[in-house]
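Worksheet: the structure to be examined is printed underneath.
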Amino acid sequence: MRAAPSSMVVKLGGSLAGDGGRLRAWLAHLAAGAAGPCILVPGGGALADAVRTTQGALGFSDALAHRLALDAMGRMAEVFHALEPRLVVAPDEAALATTLAAGRIPVWDPVALKAGHPDIPETWDLTSDSLALWLATAVEAPLCRLVKSADAPAGADWAGLARIGLVDAAFPAFAARYAGRIEILGPGADRWRAAA
């Protein structure tokens, strides 16, 4: 599948739920098309954190935890739609393409990945950051933006950002396979808000 011309993938970190004003502003900005055509990828946020906590208490497999974390992303997609009804929850490539073709902004629910995919390890080394980059590669998007609750240190490479936990451990390998540009936007990069 190819994305719409000039479309990008934008991942909104689940940690933004802790800053409701910033999250709502980003959702409205993207839904209005102000950033151009894009596919929105939700982080799992507190829902994914609950999976980690429950796995720690009960000791079930990483494979099951991975599938539950995908469910957490899907539920956050529904939350994003509830907060910004102009967004369309899209569970597969066909729905993503149809939504983009209609001039609307899809929010990806990765439910189809619960069946497994050879490129995606079912461990906590991979989170919605790497999944956003995997999707950007799959749809041939020229840009993948990760909107974070913290700014990236100047000059850090992907391995360094993984070491400090700003991206997941699998991210450097996914970044090496991605032909487009990657941007991390922390609170200091929300220039469009100041201009609005």
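Quick notes
- Within region 167-182, residues that are closer than 15 Å to Val10 by Cβ have Cβ atoms under 6 Å from residues that are open to solvent by 50 Å² or more (accessible area, probe 1.4 Å) and assigned to a loop (DSSP other than H, G, I, E, B) in these pairs: Gly180/Pro142, counting only partners at least 6 apart in sequence or on another chain.
- Test set (1) within 16 Å of Ala132 (Cα to Cα); (2) of a type in the set (Gly, Ala, Ser); (3) not in a helix (DSSP H, G or I) - Ala77 fails condition number: (3)
- On the stretch given as region 6-65, residues that are under 26 Å from Lys114 (Cα atoms), modelled with pLDDT of 90 or more and not in a helix (DSSP H, G or I) total 15.
- Selected residue (criterion: farthest from the chain's Cα centre (by Cα)) from residues of region 91-122 that are surrounded by fewer than 17 Cβ atoms within 10 Å (Cβ to Cβ) and of a type in the set (Asp, Glu): Asp119
- Members of region 80-90 found to be in contact with a Lys or Arg (Cβ under 9 Å, 6 or more places away or on another chain) and either surrounded by 18 or more Cβ atoms within 10 Å (Cβ to Cβ) or in a helix (DSSP H, G or I) (or both), listed by number: Leu83, Glu84, Leu87, Val88
- Yes/no for Asp125 being open to solvent by less than 20 Å² (accessible area, probe 1.4 Å) and within 16 Å of the chain's Cα centre (by Cα): no
- Residue that is surrounded by the fewest Cβ atoms within 10 Å (Cβ to Cβ), among those in region 143-154 that are modelled with pLDDT of 95 or more and not aliphatic (A, V, I, L, M): Arg145
The values are calculated or read from the model by the stated rules, or taken from the named source; none is laboratory data. This one's a predicted model, so the numbers in the text were calculated from it and none came from an experiment. No Cβ is skipped: glycine too gets one built from the backbone with ideal geometry, and neighbour counts run over all protein chains shown. Remember, those area values only see protein heavy atoms, side chains included, never the ligands or the DNA or RNA. Shrake-Rupley method; radii C 1.70, N 1.55, O 1.52, S 1.80 Å.
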